[in-house]
Amino acid sequence: MVKSASTKLVREMMGGESYEYYPLGQYIVAAPGVCGGRPTFKYTRIDVHHALGLLAVGRTVEQVAHSYDLPVEAVQEALRLAARALDRQGGRLVRRT
């Protein structure tokens, strides 16, 4: 699972079921039971890495947001968090395994 910005696990009821996550931002979370704990958009199973991949091949922030019925701000937050993660790596690209 991704190390979170917040070490506090949040528990909410969503649709009558318990939803647990570590908030990484307002719109992005790491939920232990969703997508292997990889960052997703809150209350979805949409993998942030996938959304960033769509941006990398030329889709606009607005197109990605519209495709997944997300607020534009959620996709913008994904870009900010990705930039921050790159900064923490000292500008080095880290190979995903």
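Going residue by residue through region 63-80, is there one that turns out to be among the hydroxyl-bearing types (Ser, Thr, Tyr) and in contact with a helix residue (DSSP H, G or I) (Cβ under 8 Å, 6 or more places away or on another chain)?
The initial filter retains those residues of region 63-80 that are among the hydroxyl-bearing types (Ser, Thr, Tyr), namely 67-68.
In the following step, the residues that additionally are in contact with a helix residue (DSSP H, G or I) (Cβ under 8 Å, 6 or more places away or on another chain) were identified as 67-68.
Checked region 63-80: at least one residue is among the hydroxyl-bearing types (Ser, Thr, Tyr) and in contact with a helix residue (DSSP H, G or I) (Cβ under 8 Å, 6 or more places away or on another chain).
Which count do you get for residues in region 35-82 that are under 21 Å from TYR21 (Cβ atoms) and hydroxyl-bearing (Ser, Thr, Tyr)?
4
Output the residue which, of all residues in region 1-60 that are of a type in the set (Val, Ile, Thr) and in contact with a helix residue (DSSP H, G or I) (Cβ under 8 Å, 6 or more places away or on another chain), is modelled with the lowest pLDDT.
Looking at residues that are of a type in the set (Val, Ile, Thr) and in contact with a helix residue (DSSP H, G or I) (Cβ under 8 Å, 6 or more places away or on another chain), I get VAL2.
Could you list, in sequence order, all residues of region 16-31 that are surrounded by fewer than 12 Cβ atoms within 10 Å (Cβ to Cβ) and either farther than 26 Å from VAL72 by Cβ or touching a Pro at 6+ places or on another chain (Cβ under 6 Å) (or both)? Please lay out each step first, then the result.
In the first step, residues of region 16-31 are kept if they are surrounded by fewer than 12 Cβ atoms within 10 Å (Cβ to Cβ); the result is 16-18, 26.
GLY16, GLU17, SER18, listed by residue number.
The values are calculated or read from the model by the stated rules, or taken from the named source; none is laboratory data. From a predicted model like this one, the values you see are computed outputs, not experimental measurements. So basically every Cβ, Gly included, is an ideal-geometry build from the backbone, and we count neighbours across all protein chains shown.
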